[in-house]
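Participant: Got a structure for you, written out below as structure tokens; questions coming shortly.
The values are calculated or read from the model by the stated rules, or taken from the named source; none is laboratory data. In this text the structure is predicted, and so the values were computed from the model without any measurement. So basically every Cβ, Gly included, is an ideal-geometry build from the backbone, and we count neighbours across all protein chains shown.
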Amino acid sequence: ETGFITLDNGFVNTGSCTSAVTFLNGEKGILRYRGYPIEQLAEKSNFLEVSWLLYYGELPTKAQLENFEKKVASFNKLPEGLETIISTFPKTAHPMGVLSSATAALSAYYQDHLGPNPTDNDKEELFAQLLGQVKLIVARSYRNSQGLDPIESDSSLSYSKDFLNMMFGEADDEVAKALDVLLILHADHEQNCSASTVRVVGSSHANIFATISGGIDALWGQLHGGANQAVLEMLEEIKNAGGDAEKALEKAKDKEDPFKLMGFGHRVYKNFDPRAKIIKVQCDKVLEKLNVNDPLLTIAKGLEKQALEDEYFVKRKLYPNVDFYSGIIYKALGIPTNMFTAMFVLGRLPGWMSQWKELREDPAAKICRPRQIYTGATERNYKDLGER
Ligand code: SDX
């Protein structure tokens, strides 16, 4: 549980770090935030409480949680200039591009937060501010893409219910609860690609807006957070081709074809992703509650069953990951496919911020500057043009 990993070839992976935020055991499919099993947090907690836990390391008292909820809700507006920037993006702009740009652009409106050494109070303020304002940016970009006026944040609503209300002008308690569980499940995940990016950017003492914007960009990739959108596109393709999952499985096994079964496999989990198990149960509950009969869920379950019995997948320990079922719930909640990865950002934000804070408070932390194994030309002398 030290965080340092010795690679097969004996190299200590200097890209790793020590961290006290999240513990993963990939072989056993274990995920804990600050020691608390993800299963208990998903069942008993809520997203802002989990955000506090990740950031401060302990579950909040009632008073701490109430103050924190009020503080996050107080960031219920975006700077006017930023609203204008968001409204000028084309309606077809991918929400991740809007989110990354708008988050970095916050640095233009909060110039007092650009210093290289934020105080403890700054870090507290920035945590609540980004949780509040990134939620606004996601909702605004959706309303803009639909040609709809923005809906103001309602601080009397819970975090997830306020988000859904800003998106659709209404929000059912059960649906908000389902979203809250999804956000909890996405809140942190050790040194994944985007969290590592946040650590790399943060290690140069870049401001928090630039740092989080870097995490958003890394998450966009289809091999990482972009997989939740790619899963739905893959399931739609299977449905449109007649619903036969077998073909997708065969395609995923074709070594010549770079196609991968989206939502399957993981760099760390060589067992079931514990989050996928929870989301699969949530899927059934939410779709039943909403009276949604989505053929994509049937296809997904069929694909999972076949893959888990297929020698290629079993041998490579390829199981469904967090992205395999999450998109089906987002779709049932009315969230458009191209926004699924933006939803992943909303969930992962507290994890990125917690790891950034941990890095910035580590007196031993240095700028991230990995080395390489040089494989290029040995020394040689310059040749004049006429000699080449
Ligand atoms: C997330 O790191 C995190 O924690 C990320 C994340 C988080 O919360 O931050 O958990 C979120 O990003 C989850 C992953 C979402 N991505 C996808 O679902 C995309 C599809 N999955 C794959 O692209 C892939 O599984 C990766 C990228 C996730 C992992 O890729 P690796 O590191 O190449 O996997 P591997 O080394 O374990 O592969 C072993 C073998 C290889 O074949 P061989 O060379 O042994 O013949 O399995 C094959 C791979 O080609 N393989 C797949 C596959 N994933 C791996 N074959 C078909 N379909 C797949 N999905």
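Participant: Test each condition in (1) modelled with pLDDT under 95; (2) farther than 30 Å from Val201 by Cα for Lys383 and report the one that comes out false.
Facilitator: That leaves (1) as the condition not met.
Participant: Can you name the residue in segment 215-224 that is modelled with pLDDT of 95 or more and out of contact with any Cys (no Cβ under 8 Å at 6 or more places or on another chain) and is also nearest to Ala307 (Cα to Cα) among such residues?
Facilitator: Trp220
Participant: Collect the residues in segment 192-217 that are within 12 Å of the ligand (Cβ to nearest atom) and over 17 Å from Glu361 (Cα atoms), keeping them in residue-number order.
Facilitator: Matches in segment 192-217: Asn192, Cys193, Ser194, Thr197, Gly215.
Participant: Kindly provide the set of residues from segment 30-44 that are surrounded by fewer than 19 Cβ atoms within 10 Å (Cβ to Cβ) and either in contact (Cβ under 8 Å) with a residue 24 or more places away in the chain or aliphatic (A, V, I, L, M) (or both), ordered by number.
Facilitator: Selection gives Ile30, Glu39.
Participant: Also, quick follow-up: Is it fair to say Val314 is without any contact (Cβ under 8 Å) to a residue 12 or more places away in the chain, more than 8 Å from the ligand (Cβ to nearest atom) and under 21 Å from His189 (Cα atoms)?
Facilitator: Answer is no for this residue.
Participant: Another one. State all residues of segment 264-282 that are more than 7 Å from the ligand (Cβ to nearest atom), surrounded by fewer than 21 Cβ atoms within 10 Å (Cβ to Cβ) and in a loop (DSSP other than H, G, I, E, B); if no residue qualifies, say none.
Facilitator: Selection gives Lys270, Asn271, Phe272.
Participant: Are any residues in segment 34-63 more than 27 Å from Glu152 (Cβ to Cβ) and part of a helix (DSSP H, G or I), and if so, which ones?
Facilitator: Residues satisfying the conditions are Ile38, Glu39, Gln40, Leu41, Ala42, Glu43, Lys44, Leu53, Leu54, Tyr56, Lys62, Ala63.
Participant: Right, another one. Assess whether Thr298 counts as being hydroxyl-bearing (Ser, Thr, Tyr), more than 8 Å from the ligand (Cβ to nearest atom) and farther than 27 Å from Leu131 by Cβ.
Facilitator: Yes.
Participant: For segment 153-204, please list each of the helices (runs of 4 or more DSSP H) lying entirely inside it that holds at least 1 residues being modelled with pLDDT under 95 and either of a type in the set (A, V, I, L, M, F, W, C) or under 19 Å from Ala139 (Cα atoms) (or both).
Facilitator: The qualifying helices (runs of 4 or more DSSP H) are 173-185.
Participant: Something else about it: Taking segment 225-257 as the search range and keeping residues that are assigned to a loop (DSSP other than H, G, I, E, B) and charged (D, E, K, R), which one is nearest to the ligand (Cβ to nearest atom)?
Facilitator: Looking at the filtered set, the residue picked out is Lys255.
Participant: Return the residue satisfying two criteria in turn: it lies in segment 186-206 and is in contact with a Pro (Cβ under 9 Å, 6 or more places away or on another chain) and surrounded by 24 or more Cβ atoms within 10 Å (Cβ to Cβ), and of such residues it is nearest to Phe75 (Cα to Cα).
Facilitator: Ala187
Participant: Let me ask something else about it. Looking only at segment 329-372, how many residues end up being assigned to a helix (DSSP H, G or I) and free of Cβ contacts under 8 Å to residues at least 24 places away in the same chain?
Facilitator: Count: 0.
Participant: Just to be sure I understand, how many residues within segment 61-83 are under 30 Å from Val98 (Cβ atoms) and either of a type outside the set (S, T, N, Q) or without any contact (Cβ under 8 Å) to a residue 60 or more places away in the chain (or both)?
Facilitator: Result for segment 61-83: 14.
Participant: Can you tell me which of (1) in contact with a helix residue (DSSP H, G or I) (Cβ under 9 Å, 6 or more places away or on another chain); (2) free of Cβ contacts under 8 Å to residues at least 12 places away in the same chain; (3) not charged (D, E, K, R) is the one Ser145 doesn't meet?
Facilitator: (2)
Participant: Can you confirm whether Val286 is β-branched (Val, Ile, Thr), in a helix (DSSP H, G or I) and in contact (Cβ under 8 Å) with a residue 24 or more places away in the chain?
Facilitator: For Val286, the condition - β-branched (Val, Ile, Thr), in a helix (DSSP H, G or I) and in contact (Cβ under 8 Å) with a residue 24 or more places away in the chain - is met.
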